[in-house]
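Below is one structure, written out as structure tokens; the observations come after it.
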Amino acid sequence: MYVYRYDRLKCLQNQRADPVLRGRRVKGPAGSFDHQQVLSALERLPADHGVYRFCVWRTWEAALKHAAATNSAGDPIVLQRIRSDAPGFDRFSRDDDEYLVGDAWIYWQSVPVPPNQPEWSPDGIPHWAIEALHPNGHWQPLDSADFLGGDHGYLGWNRRFIVGWGGGPCMAYVQHRARYTESGRHVWILLRQPSSQGTALINFSNGLAELVERELAVLGHLPLSMLRWAVALEAPDRILVKEFFPRRVGVRPHLFMEKLVSWVRPSPRWEVIIDLDEARFMTDQEVRLLYIDFSAADSLRLSDVWRYDAALFRPER
């Protein structure tokens, strides 16, 4: 048996660092939807305690009915279901929501205020026990849902760190895949970067060259002509992808330095050069196929186009 809730997509993304559904603290009467259980607890509250609460819909039909009135393309919602015996529920008291009798439950608790996050309850429902309804129609655990951003959308990808502009850290996620395109079979290397990073690799040739050198250490057994390279900048409202074309250029160090370095480690005989003026932006169709082949197509469902089919909210469903 499940209970249901929905949250704004942006709210879930903003709270992704804490993988627990927690109750929000109530400090006093705030409006027409104050709950009598919470207000009563506040009247007898010890000085070091707080009252926390969250609500859920009792049935799928109730969740859909109320979600239909609040959903919008600009600020979409995410429908979720939780097993009624999920861990954490037993640490809260449960009552009818007096304003939505028959449709919603209120869960609340009066506990010592946690010093590290006083506005949120110390107890809650772990995200692994909550499932989100994907617009494609399947349920997926909230703790690994791609739409939350962060590392969720990069499971199975290798993280690479370099020094960006101004000396700050810059991170990218990397994978290699064999792909068949119109130009034949190649091994593609895709570098994905969240736009939250300070340095945009898509415009940073030296950083790309450093990352290419690292990947060639793994793929060095393959001829450069067999490799294709792409770098993606992933923002909430768009994904920009450039294909770029690294070149290896031979390097001949000074004879004295070559001997000196060779005592410590092998001296490099080449370096990677990238001219971003030669790079090209990939078309939307090319990007779609690229992300499908890299099993990352869900990342193309950006926050501003996350929406459920209108038929989901029809009463006859």
Residue match in region 31-47 (condition: modelled with pLDDT of 85 or more and within 27 Å of the chain's Cα centre (by Cα)): no
Where Asp143 falls short, out of the listed (1) out of contact with any Asp or Glu (no Cβ under 9 Å at 6 or more places or on another chain); (2) open to solvent by less than 20 Å² (accessible area, probe 1.4 Å); (3) in a helix (DSSP H, G or I): (2)
Residue match in region 70-82 (condition: part of a strand (DSSP E or B) and not aliphatic (A, V, I, L, M)): yes
Region 35-77: number of residues that are within 23 Å of Arg8 (Cβ to Cβ) and among the acidic types (Asp, Glu): 2
Among the residues listed as Thr70, Thr59, the single one being hydroxyl-bearing (Ser, Thr, Tyr) and either at positive phi or at pLDDT below 90 (or both): Thr70
Filter result for Ala104 (in contact (Cβ under 8 Å) with a residue 40 or more places away in the chain and closer than 28 Å to Asp298 by Cα): no
Matching residues, region 203-243, being surrounded by fewer than 17 Cβ atoms within 10 Å (Cβ to Cβ) and basic (Lys, Arg): Arg214, Arg238
Some residue of region 175-186 being acidic (Asp, Glu) and closer than 16 Å to Ser299 by Cβ: no
Restricting region 203-234 to residues that are small (Gly, Ala, Ser) and in a strand (DSSP E or B), the residue that is nearest to Gly166 (Cα to Cα): Ala232
Per-region count, region 275-312, residues part of a helix (DSSP H, G or I), of a type outside the set (Phe, Trp, Tyr), under 17 Å from the mean Cα position of the chain (by Cα) and surrounded by 12 or more Cβ atoms within 10 Å (Cβ to Cβ): 6
Test for Val101: is it surrounded by fewer than 20 Cβ atoms within 10 Å (Cβ to Cβ), among the hydrophobic types (A, V, I, L, M, F, W, C) and part of a strand (DSSP E or B): no
Residues of region 235-246 that turn out to be out of contact with any Lys or Arg (no Cβ under 7 Å at 6 or more places or on another chain) and in a strand (DSSP E or B), as a count: 4
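The values are calculated or read from the model by the stated rules, or taken from the named source; none is laboratory data. This is a predicted model, so every value here is computed, not measured. Heads up, the Cβs are rebuilt from the backbone with ideal geometry, glycines too, and the neighbour counts pull from every protein chain shown. All accessible areas refer to the heavy atoms of the entire protein, side chains included, with ligands and DNA or RNA removed. Shrake-Rupley method; radii C 1.70, N 1.55, O 1.52, S 1.80 Å.
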